[in-house]
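K.L.:
Here it is: the structure, laid out below.
The values are calculated or read from the model by the stated rules, or taken from the named source; none is laboratory data. Bear in mind that the values here come from a model prediction, so they are computed numbers and not experimental data. Don't worry about glycine lacking a Cβ; one is built from the backbone with ideal geometry, like all the others, and counts go over all protein chains shown. In case anyone asks, the SASA skips ligands and DNA or RNA and just uses the protein heavy atoms, side chains included. Shrake-Rupley method; radii C 1.70, N 1.55, O 1.52, S 1.80 Å.
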Amino acid sequence: MDRDDAITLLADRLGRSARLTVVTGAGVSAASGIPTFRGPGGLWREFRPEELATPEAFARDPKLVWQWYAWRRELVAKASPNRAHDVLAAWSRRFPVFRLVTQNVDGLHERAGTENVVRFHGSLWEVSCWERCPESPPRWREDGVFPELPPRCPHCGGLLRPGVVWFGEPIDPGVLAAAESALDCDVCLAVGTSALVYPAAGLVTGAGALGAFTAEINPEATPASGSLDLAVSGRAEEVLDEVERRLAPV
Ligand code: OAD
């Protein structure tokens, strides 16, 4: 099926659906100038994300890990939501039941005004106490520039860590439950994710197993492409814009 037919099919499905769940990944923020984790531009200095986003890497060199997060916070602070974020924000009000599960920690879906966002991997703008001191809450928002890296816990003086999920760490049970309940939907759409990192990568196929129509928007094929009902080849900001134009006005 060519891209135009795929877009028509997706728009038709969406036009007949009330319950939409979208699962997003780094590709949604690519047009905002935020590099994806994998693929061209995915490296920071000579490090791969898998070498930095782990508790072991943090324990070994907290300053290095914080420098990476501080660089990403700076990039995101200067960035703005793109057309993909804006269309999804509009859909969060258009569909009677809309849930968006994002692996992104940049907060751009929220800045675009999207309702019902489940932050599967946490937030770049939150921190927690690495020592888990009893005085500090599990996580809190800290969106300023840190005068010194690594930043320190205001309660115990120990290290602060980014409020994100690292490789080898479990997803917060409440977040996992919210994401799993979002799988009960009419259409489940994966946008801009390489479908390599679990458990997030299993969400869309999980929705398919429950009866949802499943689709993916990505310029590249992913390991999930073959098992979904529809794979639309293209960039999120272009394909979502085209689908939005084909939906009947509300
Ligand atoms: P990846 O960097 O693994 O994949 C990005 C995907 O976006 C690729 O499949 C690209 O083909 C696609 N892509 C690139 N530009 C695009 C565009 N303009 N429109 C649509 N798609 C585009 O990012 P994720 O799948 O999000 O984990 O990675 C999953 C997790 O791995 C991340 O949440 C992060 C990372 O390590 C944690 O932080 C725990």
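K.L.:
If you find the alpha carbon centre of the stretch 115-157 and of the stretch 1-34, how far apart are they in angstrom?
P.N.:
About 33 Å separates the Cα centre of the stretch 115-157 from the one of the stretch 1-34.
K.L.:
So how strong a dipole does the chain carry about its Cα centre when Lys and Arg Cβ are +1 and Asp and Glu Cβ are -1, to the nearest 20 debye?
P.N.:
380
K.L.:
Pull the list of the chain cysteines that no other Cys approaches to under 4.7 Å, Cβ to Cβ.
P.N.:
Among the cysteines of the chain, those whose Cβ sits 4.7 Å or more from every other are 185, 188.
K.L.:
Heavy atoms only, 1.4 Å probe, whole protein assembly: order 126, 148, 131 by accessible area, highest first.
P.N.:
148, 131, 126
K.L.:
How much of the DSSP beta bridge set in the chain is antiparallel, as a percent to the nearest 5?
P.N.:
Working: 8 of 31 bridges.
If we restrict to bridges inside the chain, about 25 percent are antiparallel.
K.L.:
Would you compute, from DSSP H runs of 4+ residues alone, the mean residue ellipticity of the chain at 222 nm, taking -39500 (n - 2.57) per run and dividing by the full residue count, rounded to the nearest 500?
P.N.:
-9500 deg cm²/dmol
K.L.:
Compare the Cα positions of 77, 49, 95 along the charge dipole of the stretch 34-99 (+1 at Cβ of Lys, Arg; -1 at Cβ of Asp, Glu; about the Cα centre) and return the one farthest towards the positive end.
P.N.:
Of the candidates, 95 comes out farthest on the positive side.
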